[in-house]
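Notes for the one structure printed next.
The values are calculated or read from the model by the stated rules, or taken from the named source; none is laboratory data. It should be emphasised that the depicted structure is a prediction, and the values quoted were computed from it without experimental measurement. Cβ placement follows ideal geometry from the backbone for every residue including glycine, while neighbour counts extend to all protein chains displayed.
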Amino acid sequence: MEKQIVEIDMADVGHGNPAWIAALEAGKVLYFPDFGSYGKAGFAPQKEELALFREDIRDPKTRNISLAMDGTVKGVAGDEATQALMAGMIGRFRAEAEALIGKLVPRYGEHLRRGSTSFRPAVVQTRVQSWRADDRRMHVDAFPSRPNRGERLLRVFTNVNQEGASREWRVGEPFEDVARHFLPRLKPYVAWQAKALNALGVTKSLRSEYDHLMLQLHDAMKSDLDYQKNAPQVSFGFPPGCAWVCFSDQASHAVMAGQYMMEHTLQLSPMQQYDKESSPLAILTRLRGHALV
């Protein structure tokens, strides 16, 4: 399997390096080991923000603490001052994450749509979830209630653990290999079912065949324990202070261990990529032989 994690020095970032762009759009993970220590261009928690680093800062009714596009923070267990401190920390990370993407892939620019930004204080190893929600199983990201018709999920992560613990990931084989492995066993798309789900409010918009296939891939990967164990993959520990970037709808990944991470999501039309034929939509369309949206 080709190298799936590409290391980049923050001092070298800028001007849209073609090799890094090609790696990102091929589903690889770009890794920046010195993100948290690179002067004004990186991110690290401020002294007063260290009080936020405790597991009970998260409302137990929510999975993560998130900063919405309108600036409201959700999922914090604390008073107004605590919420304001949290919103400020997450907002600073969001700004640095978007600055990093602006230097890496300048053509995306105005075409990016800002999604939510999260702070994740939970211990991954002890989190109890259903098999579908268990991100310790390798998967590509797809969301049951939010069809996106091929729109990309570009994500920036940073490990902000203050005790030296790495964020442990597994990164799997290229997306086309995953698709070829699982497509023959996926259930066919049924248009009337998609319309019914939309009419009942189960989905926020009409689920396309693309969305159906991505959900099926997500579930098929997670439910196949033999694949989880034996599929081509590498394990990697992202240390505190680093950042990593990937298209999480394309990079096969699993989160095995860690605590205290921040994540920012940006969305992009596949038509705005440098290589339009490398997106999951283009790959699945080619393999299926007909339009999927």
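What are the pairs, 6+ residues apart or on separate chains, where a residue within segment 102-130 that is polar (S, T, N, Q) has its Cβ under 6 Å from a residue that is part of a helix (DSSP H, G or I)?
THR117/ILE90; THR117/ARG94
To keep it simple, each residue is scored yes or no on (1) under 22 Å from the mean Cα position of the chain (by Cα); (2) closer than 30 Å to SER235 by Cβ; (3) modelled with pLDDT under 95; (4) of a type in the set (A, V, I, L, M, F, W, C).
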| residue | (1), (2), (3), (4) |
| --- | --- |
| ARG152 | yes, yes, no, no |
| ARG155 | yes, yes, no, no |
| ASN161 | yes, yes, no, no |
| TRP169 | yes, yes, no, yes |
| LEU186 | no, yes, no, yes |
| TYR189 | no, no, no, no |
| TRP192 | no, no, no, yes |
| ASN198 | no, no, no, no |
| LEU206 | no, no, no, yes |
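Kindly list the number of the only condition in (1) buried (at least 18 other Cβ atoms within 10 Å of the Cβ); (2) in contact with a strand residue (DSSP E or B) (Cβ under 6 Å, 6 or more places away or on another chain); (3) over 15 Å from LEU183 (Cβ atoms) that fails for MET221.
(3)
Got at least one residue in segment 200-215 being touching a residue at least 60 places away in the same chain (Cβ under 8 Å), in a loop (DSSP other than H, G, I, E, B), farther than 26 Å from ILE21 by Cβ and small (Gly, Ala, Ser)? Full working, then the answer.
Taking segment 200-215 as the starting set, the residues that turn out to be touching a residue at least 60 places away in the same chain (Cβ under 8 Å) are 207-211, 213-215.
Checking the rest, the ones that are also in a loop (DSSP other than H, G, I, E, B) come to 207-208.
In the following step, the residues that additionally are farther than 26 Å from ILE21 by Cβ were identified as 207-208.
If we keep only those that are small (Gly, Ala, Ser) as well, we get 208.
Yes.
Go through the residues of segment 60-69 one by one and say whether even a single one is in contact (Cβ under 8 Å) with a residue 60 or more places away in the chain and more than 18 Å from the chain's Cα centre (by Cα).
No, because not a single residue in segment 60-69 is in contact (Cβ under 8 Å) with a residue 60 or more places away in the chain and more than 18 Å from the chain's Cα centre (by Cα).
Cβ contacts < 6 Å: first residue touching a residue at least 60 places away in the same chain (Cβ under 8 Å), restricted to segment 16-27; second residue surrounded by fewer than 19 Cβ atoms within 10 Å (Cβ to Cβ), any location; separation 6+ or different chain. Result?
These pairs meet every condition: GLY16/PRO106; ILE21/TYR274; GLU25/ASP275.
Under 20 Å from THR265 (Cβ atoms) and modelled with pLDDT of 95 or more, is that true of ALA87?
Numbers: under 20 Å from THR265 (Cβ atoms): yes; modelled with pLDDT of 95 or more: yes.
Yes: the conditions hold for ALA87.
Being out of contact with any Asp or Glu (no Cβ under 7 Å at 6 or more places or on another chain) and either part of a loop (DSSP other than H, G, I, E, B) or without any contact (Cβ under 8 Å) to a residue 60 or more places away in the chain (or both) is the filter here; which residues of segment 242-284 pass it?
CYS242, GLN250, ALA251, GLN259, TYR260, MET271, LYS276, GLU277, SER279, ALA282
Taking the conditions exactly as written (in contact with a Lys or Arg (Cβ under 9 Å, 6 or more places away or on another chain) and closer than 30 Å to ALA257 by Cα), does ARG180 satisfy them or not?
Working: in contact with a Lys or Arg (Cβ under 9 Å, 6 or more places away or on another chain): no; closer than 30 Å to ALA257 by Cα: yes.
Taking the combined requirement at face value, the residue does not satisfy it.
Among the numbered criteria (1) out of contact with any Phe, Trp or Tyr (no Cβ under 9 Å at 6 or more places or on another chain); (2) closer than 20 Å to HIS253 by Cα, which one does ALA191 miss?
(2)
Determine the pairs where a residue that is among the hydrophobic types (A, V, I, L, M, F, W, C), located within segment 175-191, has a partner that is surrounded by fewer than 17 Cβ atoms within 10 Å (Cβ to Cβ) with Cβ atoms under 7 Å apart, the partner being 6 or more residues away or on another chain.
Correct list of pairs: ALA179/LEU287; LEU183/LEU287.
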